[in-house]
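Engineer: I'd like to ask you about the structure that follows.
The values are calculated or read from the model by the stated rules, or taken from the named source; none is laboratory data. All figures in this text were calculated on a predicted structure; none of them were measured in a lab. Neighbour counts run over all protein chains shown; Cβ positions are idealised from the backbone, glycine included.
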Amino acid sequence: MALLSQADTLIVDVPTIRPHVLAMATMHSQAMVIVRLTDSDGVEGIGEGTTIGGLSYGEESPESIKSAIDTYIVPVLKTCDIARVGATMVKVAKCVRGNHFAKCAVETALLDMAGKRLGVPVSDLIGGGRVRDEMPVAWTLASGDTARDIAEGEEMLSLRRHRIFKLKIGKRDVRDDVAHVGAICKALGDRASVRVDVNQNWSEAQAKRGMAMLQDVGCDLVEQPIAGDDIAAMARLATTRGVPLMADEALHGPRTALRIASAAAAGVFALKIAQSGGLFATAEVAAIGTAAGIGLYGGTMLEGGVGTAASAHVFATVPELAWGTELFGPLLQTEEILTAPLGYGDFAVKVPTGPGLGIALDPDKIAFFRRDRSTTVAA
Ligand code: MUC
Ligand code: MG
């Protein structure tokens, strides 16, 4: 039995190493909501709820994530035995609808505490436990400039850090975007896998044309080309000639996963812990994808070290992760907020091995980058 004794949530803003140009926003910094829970025995758990570009990516913002946790979720936690993570999150789900990013941050912190209490990594608390200790890791080329993207791709290849590249397109005319992708495919050749993410910015007609053209220039995968709530159109696109279609913004947990799988509306799922509503829900999305013969990819919301470690723990439990991961979020930031960074090398990210998430926050970095004073709620 463990009771909540303290809950802190804070927004931490860390600059990015270069502007990150996406169809719906250009990022110059990343806002991460960090939640720290402490139980009656003094065990601390940390979690992260992070989105991209304020409200331009999805329905939760850093500010709404913090407010949902402080105002609605923490009062529920105060009534629970928080050592029972599953039961606690069932109760949270009954009291708080939606708000997947906020719930994911809290569930992550509870799992971190549970792992520390039991002396096992979080991956051992999910499904059948981990099946791998490291995973391929992609990098996103999104400087907004083709020559700069090629130079960055070359640098990543020579450092042996990444050989899977995701290009962010959808802002320009389809023909211009495909020319940009084609130039990068040609420059990197068969040394790399090149994929694109449109972040829902094409119409169905643009996507039909774009996906056929992308196949011709050597692109391997297209992520969320059209609106994520148009499952019927996704199904039409997924079954016509062109590169395989990956669902991202369309996926909000097991129910949407089942709907997409039943409609044959995607060949690949981007697994995301926050979008799915937590680590347990992500494992369920993965199970639905696996049962439906859908390829799996470990996605990111460009989280910092905490959310990235949490994602790595879940993705490490998925039996087949055919498309690798994109868990590079901390590398896009100018400063590391963990005391020891996650391990990257040989084109892979390593899954931490210590108890819980196996990571710790650097208190000086948190003090420096926090947006304002944290909210401390004494239970
Ligand atoms: C997204 O839409 O997938 C992941 C990598 C990246 O550069 O942006 C994200 C979000
Ligand atoms: Mg995406």
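Engineer: Can you report the number of residues in the range 271-330 which are in contact with a Cys (Cβ under 9 Å, 6 or more places away or on another chain) and farther than 23 Å from L258 by Cβ?
Structural biologist: The total comes to 2.
Engineer: Follow-up question, since we're still on this one. Checking A264 against (1) in contact with a helix residue (DSSP H, G or I) (Cβ under 7 Å, 6 or more places away or on another chain); (2) in a loop (DSSP other than H, G, I, E, B); (3) of a type outside the set (F, W, Y); (4) within 16 Å of ligand 2 (Cβ to nearest atom): exactly one of these is not met. Which one?
Structural biologist: (4)
Engineer: Here is a follow-up. Please go through the range 308-335 and pick out each residue that is within 12 Å of ligand 1 (Cβ to nearest atom) and either of a type in the set (A, V, I, L, M) or touching a Gly at 6+ places or on another chain (Cβ under 9 Å) (or both). Quick ask: steps written out before the conclusion?
Structural biologist: From the range 308-335, those within 12 Å of ligand 1 (Cβ to nearest atom) are 308, 311, 325-329, 331-332; that's our starting set.
Of everything in the range 308-335, those that are within 12 Å of ligand 1 (Cβ to nearest atom) and either of a type in the set (A, V, I, L, M) or touching a Gly at 6+ places or on another chain (Cβ under 9 Å) (or both) turn out to be T308, S311, T325, E326, L327, G329, L331, L332.
Engineer: With among the aliphatic types (A, V, I, L, M) and either over 29 Å from A183 (Cβ atoms) or not assigned by TED's automatic domain parsing to the domain that holds K166 (or both) as the only criterion, which of A227, A286, A270, A266 stands out?
Structural biologist: Answer to the selection: A286.
Engineer: Take residues that are under 19 Å from the mean Cα position of the chain (by Cα) and within 16 Å of ligand 2 (Cβ to nearest atom) and tell me which of the strands (runs of 3 or more DSSP E) falling wholly in the range 131-246 contain 3 or more.
Structural biologist: Passing ranges, in order: 139-141, 164-168, 193-197, 221-223.
Engineer: Within the range 335-350, is even one residue outside the structural domain of L37 (by TED's automatic domain parsing), part of a helix (DSSP H, G or I) and surrounded by fewer than 23 Cβ atoms within 10 Å (Cβ to Cβ)?
Structural biologist: Checked the range 335-350: no residue is outside the structural domain of L37 (by TED's automatic domain parsing), part of a helix (DSSP H, G or I) and surrounded by fewer than 23 Cβ atoms within 10 Å (Cβ to Cβ).
Matching residues to (1) in contact (Cβ under 8 Å) with a residue 60 or more places away in the chain; (2) touching a helix residue (DSSP H, G or I) at 6+ places or on another chain (Cβ under 7 Å); (3) not small (G, A, S):
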{"position": "A286", "(1), (2), (3)": "no, no, no"}
{"position": "L332", "(1), (2), (3)": "yes, no, yes"}
{"position": "L342", "(1), (2), (3)": "no, yes, yes"}
{"position": "A367", "(1), (2), (3)": "no, no, no"}
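Engineer: Something else now. Any idea which residue in the range 294-323 is nearest to ligand 2 (Cβ to nearest atom), counting only those that are under 16 Å from T50 (Cβ atoms) and assigned to a loop (DSSP other than H, G, I, E, B)?
Structural biologist: G299
Engineer: Please verify whether the range 270-280 includes one or more residues that are in contact (Cβ under 8 Å) with a residue 24 or more places away in the chain, part of a helix (DSSP H, G or I) and surrounded by fewer than 24 Cβ atoms within 10 Å (Cβ to Cβ).
Structural biologist: Yes, the range 270-280 has at least one match.
Engineer: One residue is enough: does the range 178-192 have a residue meeting the conditions in contact (Cβ under 8 Å) with a residue 24 or more places away in the chain, of a type in the set (D, E) and either surrounded by fewer than 16 Cβ atoms within 10 Å (Cβ to Cβ) or in the same structural domain as L296 (by TED's automatic domain parsing) (or both)?
Structural biologist: There is no residue in the range 178-192 that is in contact (Cβ under 8 Å) with a residue 24 or more places away in the chain, of a type in the set (D, E) and either surrounded by fewer than 16 Cβ atoms within 10 Å (Cβ to Cβ) or in the same structural domain as L296 (by TED's automatic domain parsing) (or both).
Engineer: Please find, within the range 256-307, the residue that is farthest from ligand 1 (Cβ to nearest atom) out of those that are charged (D, E, K, R) and closer than 22 Å to I65 by Cα. Talk me through it step by step, then tell me what you get.
Structural biologist: Taking the range 256-307 first, the residues charged (D, E, K, R) are 259, 272, 284, 303.
When the remaining residues are screened for being closer than 22 Å to I65 by Cα, the result is 272, 303.
Numbers: K272: 8, E303: 10 Å.
Out of the qualifying residues, it is E303.
Engineer: Only one residue in I69, I34 is within 19 Å of H100 (Cβ to Cβ), assigned to a strand (DSSP E or B) and aliphatic (A, V, I, L, M). Which one? First the steps, then the outcome.
Structural biologist: Values: I69 fails: assigned to a strand (DSSP E or B).
Step by step, each of I69, I34 is checked, and only I34 is within 19 Å of H100 (Cβ to Cβ), assigned to a strand (DSSP E or B) and aliphatic (A, V, I, L, M).
Engineer: Can you tell me how many residues within the range 232-249 are modelled with pLDDT of 95 or more and either in contact with a strand residue (DSSP E or B) (Cβ under 9 Å, 6 or more places away or on another chain) or not aliphatic (A, V, I, L, M) (or both)?
Structural biologist: 10
Engineer: I'd like the residue in the range 247-261 that is among the hydrophobic types (A, V, I, L, M, F, W, C) and surrounded by fewer than 23 Cβ atoms within 10 Å (Cβ to Cβ) and, out of all such residues, is nearest to ligand 2 (Cβ to nearest atom).
Structural biologist: A261
Engineer: For I17, only one of the following conditions fails: (1) in contact with a strand residue (DSSP E or B) (Cβ under 6 Å, 6 or more places away or on another chain); (2) hydrophobic (A, V, I, L, M, F, W, C); (3) in a strand (DSSP E or B). What is its number?
Structural biologist: Among (1) in contact with a strand residue (DSSP E or B) (Cβ under 6 Å, 6 or more places away or on another chain); (2) hydrophobic (A, V, I, L, M, F, W, C); (3) in a strand (DSSP E or B), the lone unmet condition for I17 is (1).
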